[in-house]
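Here's the structure we're looking at; comments come further down.
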Amino acid sequence: MIVLDLEFNSGMYGERLEEVLQIGAVKCQRLGGPVTDTFNAYIRPRVHKRLSPGARVLPELEECEKSALTFADALESFVAWCGGETRFAEWGRDDFRILARCAAYFGLHYDYPRRCLDVQAAFSRTLEHVNGIQLYAACDYCRIPDSFVFHNALNDAVYTCLVGGFTSAEAREASAFTMTDEDVFPVPKPRKPRRGEWRIGPFDSRERALNNMGSRRAVCPRCKTVSRVADWYTADGKTYYSPFSCDGHGRFIRRLQLVRQPDGAYWTYNEVVEATPENLRRLSRAEAAQRYSCQRPPAKPPKRRRRERRIKRK
């Protein structure tokens, strides 16, 4: 059996991708039994520019930031280490799903296990506890010495394996769950526009969405003067900014969020925001990253007037 645990960084803005920072796992013949092999990989963060509050307090965060290992190499090593094992366990129901979503984000193929054991649920059922129990509390209840620091993926995998030995066979059978593509990759619900924001689409490509006249429409929030965006700037390829000015009311920023639906269609969520210091900093970061020049739609050919045929009367 393989017991997996992950440490990850959740995105704070936009799409919340849980970027894996550490993969820890142990091999054992049974839960509670001796550990026969271990796997540990520190991965340098590359997606999010900021660390979530949970990631900032990880005890091995410095090891992750200094690591030169990429997620693709770590995943390949982990899959090779697993070999032909078919029994998997984790504390909760998130780790294998996060691993599969992160692999999909980087365009990697990962055949995640379809059947897995939730040790947290099994331990709660064994104690007839309604709510989920934290791992450190379960170790304290089972009188497992805290010889290793918590919130380290490898250490937590060891603790999960040991706590699993205190669960009953009936609880383990009831806590096994099946993962499907719909569970791992849920279909996102269409986002409703916020106040002062409107949605335009659908578009069959990113270029059509960015070049659309409605997406490029910038309106002064005070005098309703209309102008058009000529260039978009983005730092992440999802949120685009463009400055524009009104002669009577000063400077504003046009902000566009590009969302791709599961069916492949693109939608744009558009709004005009004030040129506050924070918004200006976001605009500066986008201007320094990438620029997209909008293309004018091709001019329509002039209509040819049909000449009326005059019929001579005899």
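The values are calculated or read from the model by the stated rules, or taken from the named source; none is laboratory data. Since the model is a prediction, treat every value here as computed from it, not as a measurement. Every residue, glycine among them, receives a Cβ derived from its backbone with ideal geometry; neighbour counts consider all protein chains shown.
For this structure, a couple of remarks:
- Residue count, the stretch 240-257 (criterion: farther than 17 Å from N211 by Cβ and either of a type in the set (S, T, Y) or not in a strand (DSSP E or B) (or both)): 4
Every residue, every condition in (1) surrounded by 13 or more Cβ atoms within 10 Å (Cβ to Cβ); (2) touching a Phe, Trp or Tyr at 6+ places or on another chain (Cβ under 7 Å); (3) in the same structural domain as F106 (by TED's automatic domain parsing), yes or no:
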| position | (1), (2), (3) |
| --- | --- |
| F8 | yes, no, yes |
| L21 | yes, yes, yes |
| D37 | no, no, yes |
| Y42 | yes, no, yes |
| C64 | yes, yes, yes |
| S67 | yes, yes, yes |
| A72 | yes, yes, yes |
| L75 | yes, yes, yes |
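- Meets criteria (more than 30 Å from F166 (Cα to Cα) and touching a residue at least 12 places away in the same chain (Cβ under 8 Å)) for R93: no
- Condition check for A41: free of Cβ contacts under 8 Å to residues at least 60 places away in the same chain and out of contact with any His (no Cβ under 8 Å at 6 or more places or on another chain): yes
- Pair list, Cβ < 8 Å and 6+ apart or interchain, from the stretch 202-213 residues that are surrounded by 14 or more Cβ atoms within 10 Å (Cβ to Cβ) to residues that are in a helix (DSSP H, G or I): F203/A209
- Leading residue by the ranking (surrounded by the most Cβ atoms within 10 Å (Cβ to Cβ)) among those in the stretch 77-96 that are over 15 Å from A176 (Cα atoms) and not aliphatic (A, V, I, L, M): F78
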